[in-house]
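S.K.: Questions regarding the structure given below will be posed in turn.
What follows is calculated from the coordinates using simple rules that are stated; it is not laboratory data. Here the structure is a predicted model, which means the values were calculated and not measured. For neighbour counting, all protein chains shown are included, and Cβ atoms are generated from backbone atoms with ideal geometry for every residue, glycine included.
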Amino acid sequence: MSAHYSDKFVYHEPGLQHQFEDMGQQEESVAIGMWMFLVQEIMFFGGLFTAYLVFRSKYPMAFAAGSNHLDAFWGGLNTLVLIVSSLTMALTVYYAQKGNRNMQVILIVLTMFFGSVFLGVKAIEYTDKYNHGLIPVTGLNKKIKEDKSANHETGHEKPCWDVDHNAPVVEHANPRGDFQWKDCSLVKLAQDHNYLTSAEKIGYFSNGEIDADKFRDKVRIFFYLYFVMTGLHALHMIVGLGLMSWLLWTAAKGVYSGDYYMPVEMSGLYWHFVDIVWIFLFPLLYLLGRHFLH
Amino acid sequence: MNAQNAISTGYGGPNLNYLTNGSSLQSWLLTKDHKRIAIMYLVTVSMFFLMGGLYAATIRLELLTPASDLVESATYNKVFTQHGILMIFFFLIPSIPAILGNFLLPIMIGAKDLALPRINLLSLYFYWIGGGLALWALMQGGVDTGWTFYTPYSTTFSNSYVMAVGLGIFINGFSSILTGLNFIVTIHTMRAPGMTWFRLPLFVWAHYAVSLVMILGTPVIAITILLLAIERLAHIGIFDPAIGGDPILFQHLFWFYSHPAVYIMILPGMGVISELISNFSRKKIFGYEFIAFSSIAIAVFGFLVWGHHMFVSGQSIYAGMVFSFLTMVVAVPSAIKMFNWTATMYKGSISFDTPMLYAIGFMGLFLIGGLTGLFLGSMGLVVHLTDTYFVVAHFHYVMVGGQVIAYLGGLHYWWPKMTGKMYSEFWGKISAMLVFVGFNLTFFPQFILGYQGMPRRYASYPDEFQVLNIFSTAGASVLGVGLLMPAVYLIHSLFFGKPAGDNPWMLPGLEWRTSSPPPTENFETMPVVTWEAYEFGEESGLDLEAAKQREAMTV
C-alpha cells in the first residue's frame, strides 16, 4: 500500500503504516487506540463489578461464607506472581527501548512463566471447587455415589448451623454433581448478633427458620460471580500469553529498538491492565469476612 | 477541486478512483480503504433495513383488524421482536457511523484513511458474523422475548433462539466498539494541517460524541448478554428471582447500554442535519461551539438517564425522581441544536434540494419526538403511558423521524461524492415527501391510540381502536413506498445517472475538494485548511457564481 514512498523513507521508518505521515503520528494513534480499548475493557468488567456490588450488599453473609471457602494463600500467591510479572513486563519495555534483544527475550519468557504459574494455580483452585461441589452448574461437579451404610446411623440430622469447623471434612453424597453447601453457621451468627440485612431476613429463612437450601442458593450466587469474574480474567490472561508469544517471536528477531517499540509498550499496557483487574478481584473475592474464620 | 489533478497520485495508475482501483473480490474483502468498507456496510445494512421493514409490514398488516388473524400471538411476538432486533442492532446503530461516518470522516478532516484501517475491516467482519448469526437464528425459528430480552422470561421460560441472537448481538457489539475507537483515534491524530478542533465539521463532532458512547456503553451490554447466556445455559443465575437473583439488575445493566444506544442512533443523525442545514442555507452555522458541545453534553447526560425505562418496574421512587430530573436535562442540549439550526436557516439562501427536504422533515419530526419524550420522562404521566402505543410512537418519531430521515438525507447529500453520479432530483423530492407524509400518517395515530390505552406488543385489540389502526397501516404503506423508491432511483443512477462533478452543491467542505468518487488516498496532496467550517466566502476558494448558476438551473 505504500508504493509511493521511496525506499529510503521505508528504510528509516520500518513500521510506518501507509495512512500516517510519520512515526510520531502513528505512535500517538496506536497509544490512544490502546487506551480506548482499555477503557472499554474497564466498562466490560464494570458490569460484573456492579453485579458483585448489588449481591454483596444484599447477601453479605452468603458472600462471607463463600469467600471463607476460597484459599487466601493461593489467591495471595497469585497476586504476588502477577505483580512480579508486571515488573518483568515493564523491564521488557525498558530493554526494548534500549534495543537489548537478549534481555527482552529473557524477560518475556519470565513474564510468560509467571503468567503460566498464575493459570496453574487457578487450575488447582478450580479443581478444589470441583472436588467440593462448589461449581454452580449442576453436573460439572465431582459425582459422589451415595454411601448407604453411613447414612442410616442417626435418625435425625443436625441443624445446618451446627457445624464443627475443626472436624475433618466429610464428603457428602452428590450423585448428580450438584452445587452443595451445608454450612449455615454464619446465618445463625448474624441472626444472634442481629446484623442480617433486610434482604437476608427474607432470603435465608422459611417460616422463621433458617432454610439451608435458600442460603445455599445465595452462596451459589457468590460462586457464580467468582467463576465468571476469575474465568473472564483467566481468559484475558490466556490472550495476554498469546500476545507474549508473538512478542517473543518478534523480539527474538530483533525488531524492537529505540525507534520502534510500540508493540511492546502496548502489549505491556494490556498486561498491566489484566494485572490490575486481579488486584481488585483478589480482595473482593478472597478477603471477605476473614474474622469469621478465627 | 480539480479531478484531473486529484487523481494523479501515481498510486494505482492514472484516473483510478477508489471504486475502480482493483476489481477482484479480494481487493474488496481484504481492503483497508475506509471508503470500500463503507460501501460494503451500505450494502449489508440496507439488506438488514429491508428485512426489518418486512417485519414492520407484517406487524402493520396484522394490526389492520382487531382480531389476531394474519399471525397468531406467538408468531406476532417473534415478528415484533425481530423487527426491533434487526432495526436497532443491525440497522440504526451501524447505519450513519459505519456508512457515512466511515466514508466521510477521514475525508472531512483531510486524512488518507482512518487511523486503524485493519481494525476498521475487522469491525466489518464482526458485523457480518454477528448479523449472520442473528439471521441464522431467525431462519431457525426466531426469538420472542422482545428486543429488550427481559429476564426471567428470556432466561428461564422462552423457548426460542435467545442464545444465538444474543451471541449475534454480542459479536456485533465489538463492531460498534471498534468503529468508535477508530473514530476517536482518527479525530485526535489524523487531522490535516490547519484543521483545528473548532474547524471540524459538526458531523465530525457528532461522531466524536457518539464514539464515546459506543466505547463506554457497548461493553456493558456485552457482559450483560454474557451473564444472560450463562444463566440460560446453566440454569443458575443472578437474574432469576426464584433463587435470589435480581431481574431489576438485568434491566439496569441492559438500559445502561440501551438508553445511551438511542443516542448512538440519533447523535450522528444530528451531525448530518447540522451539515445539511448549514450547507443548503448557504450560511455559516449559527452557534458552532454550542452545537459541538451539545453533542458532547447529550453523550454525557445520556449515560445518566437509563432509569427512566424502569419507572414502573420496581425501581425505588427516589431513584426515579433523580432519573426523571436528568431526563428533563437532556432536553436542553437537544433544544440548543434545534434553536441553532432554526437560527441558521433564518435569512439563509435556502435551496430545497432532496437532502434539505429530509433535513426540514427531520426538524419537525424530531421536535415532536423529543417533546413527547418529556411526557414519558415525567414519573406521573408515565404510569398511564408506559407500555402503550404512545411509547411506540415516541420512539419511532425519534428513530425513524430522526435517525432514518437524517440517514436518508445524508445518503442523498453525499451520494454524488460516494458514487460520482447524480440521482434523479425529481424522484428524490417525491420520495422525501412521501416518507414525510407516510411517516406522520403511520405514527401520529399511535400517539392517540397510546393515550387512549392501547397496549403495545399485542396481536389483537378492542374494536374501538380499529379506525386509527387503519390510518396507521395505510400510512405505513405510503412510508414503505417512499422508502423503497430511493433503492430504485439510487441504483438506477449508478448506471444511468449524470456525472455529478466534484462539487455538485458548490460547498466549501473538504470532502467537496477532492474528486468524485475520491481516489483511494482521498487527496492528491495533504490538504492545508485555511478556512473556518461552513465558510461560504470567496476566501475559502468557493466559486459563488457557479453556485448561483447551478441554483438557477435546478429551479
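S.K.: DSSP H helices in chain A with Cα extent of 18 Å or more along the helix axis and mean Kyte-Doolittle hydropathy at least 0.5?
M.R.: Once both thresholds are applied, what remains is A:23-58, A:72-98, A:101-131, A:212-252, A:262-286.
S.K.: Could you tell me the calculated FRET efficiency between A:K142 and B:S378, based on Cβ-Cβ distance and R0 = 45 angstrom, to the nearest 0.05?
M.R.: For A:K142 and B:S378, the calculated efficiency is 0.20.
S.K.: Another question about this same structure. Using alpha-carbon positions, what is the distance between the centroids of region B:388-450 and region B:475-508, in Å?
M.R.: 14
S.K.: R0 = 41 Å: FRET efficiency of A:S245 with B:L16, Cβ-based, nearest 0.05?
M.R.: With R0 = 41 Å, the Cβ-Cβ based efficiency is 0.55.
S.K.: Determine the distance separating the Cα centre of region A:38-79 from the Cα centre of region B:305-375; give it in Å without decimals.
M.R.: 40
S.K.: Label A:T197 and B:E289 with points 7 Å out from Cα along Cα→Cβ: what is the distance between them in nm?
M.R.: Roughly 4.7 nm, to one decimal.
S.K.: Report the charge-dipole magnitude of chain B in Debye, nearest 20, computed about the Cα centre from +1 at each Lys and Arg Cβ and -1 at each Asp and Glu Cβ.
M.R.: Using Cβ point charges on Lys, Arg, Asp and Glu, chain B gives about 560 debye.
S.K.: What is the Cα coordinate range of region A:32-293 on the first, second and third principal axes, sorted by size from largest, in whole angstrom?
M.R.: For region A:32-293, the Cα extents along the three principal axes come out at 77, 41, 29 Å.
S.K.: Follow-up. To the nearest 10 degrees, how steep is helix B:389-398 against the longest Cα principal axis of chain B, on a 0 to 90 scale?
M.R.: That works out to roughly 10 degrees.
S.K.: Run the numbers on chain B and let me know its relative contact order in percent, using alpha-carbon pairs under 8 Å that are six or more apart.
M.R.: Working: 935 pairs, mean separation 106.6, N = 555.
Once normalised by length, the contact order is 19 percent.
S.K.: Continuing with the same structure: May I ask you to list the aspartates and glutamates whose Cα is less than 14 Å away from that of A:K253, ignoring any residue fewer than eight positions away on the same chain?
M.R.: Within the straight-line limit of under 14 Å, A:K253 reaches no aspartates and glutamates at all.
S.K.: Can you tell which of A:V54, A:S245, A:P136 lies farthest toward the positive end of the dipole of region A:32-293, using +1 and -1 charges on the Cβ of basic and acidic side chains (Lys, Arg; Asp, Glu)?
M.R.: My answer, from the dipole projection, is A:S245.
S.K.: Suppose R0 equals 60 Å; then what is the FRET efficiency for B:V329 and B:E425 from their Cβ-Cβ distance, rounded to the nearest 0.05?
M.R.: Details: r = 41 Å, r/R0 = 0.69.
Efficiency, rounded to the nearest 0.05: 0.90.
S.K.: For region B:3-554, build the charge dipole from Cβ charges (+1 Lys, Arg; -1 Asp, Glu) around the Cα centre, then report which of B:W415, B:F170, B:W531 sits farthest towards its positive end.
M.R.: Among B:W415, B:F170, B:W531, the one farthest towards the positive end of the dipole of region B:3-554 is B:W531.
S.K.: Sticking with this one: Kindly count the pairs of lysines across chain B whose alpha carbons are less than 13 Å apart, treating pairs on different chains or eight or more residues apart as eligible. Numbers along the way, then the final one.
M.R.: Values: B:K32/B:K112; B:K35/B:K112; B:K35/B:K417; B:K283/B:K347; B:K284/B:K347; B:K417/B:K498; B:K421/B:K498.
Close lysine pairs found across chain B: 7.
S.K.: With an 8 Å Cα cut-off and a minimum separation of 6 or more residues, compute the relative contact order for region A:32-293 in percent.
M.R.: For region A:32-293, the relative contact order is 34 percent.
S.K.: Would you mind telling me which residue in A:L53, A:L82, A:L119 has the biggest mean-square fluctuation in a Gaussian network model of chain A, where springs connect alpha carbons within a distance under 10 angstrom?
M.R.: A:L53
S.K.: Still on this structure, I have one more. Quick one: length gained pulling B:L61 to B:M433 fully straight, 0.36 nm per residue minus the C-alpha distance? Could the numbers behind the result be given before it?
M.R.: Details: separation 372, 0.36 × 372 = 133.92 nm, distance 2.29 nm.
Between B:L61 and B:M433, full extension yields an extra 131.6 nm.
S.K.: Can you give the helix-only mean residue ellipticity at 222 nm for chain B, where every DSSP H stretch with n ≥ 4 adds -39500 (n - 2.57) and the sum goes over all residues, rounded to the nearest 500 deg cm²/dmol? Provide the component values of the computation, followed by the final result.
M.R.: Values: 18 runs with 350 residues, N = 555.
Only helices count here, giving -21500 deg cm²/dmol.
S.K.: Roughly how tilted is helix B:288-302, in degrees to the nearest 10 and between 0 and 90, from the longest Cα axis of chain B?
M.R.: Helix B:288-302 sits at roughly 20 degrees to that axis.
S.K.: Output the 0 to 90 degree angle, nearest 10, between the alpha-carbon long axis of helix B:466-496 and the longest principal axis computed from the alpha carbons of chain B.
M.R.: Result, in degrees: 30.
S.K.: Now for a separate question. Have a look at A:I106, A:Y195, A:A167 and report the one farthest towards the positive end of the charge dipole of region A:73-210, computed about the Cα centre with Cβ charges (Lys/Arg +1, Asp/Glu -1).
M.R.: Checked the options; the winner is A:I106.
S.K.: Further, regarding this structure: Which lysines, on any chain, are close to A:K218 with Cα under 20 Å apart, when same-chain ones fewer than 8 places away are left out?
M.R.: By straight Cα distance, A:K218 reaches A:K58, A:K129, A:K182, A:K188, A:K201.
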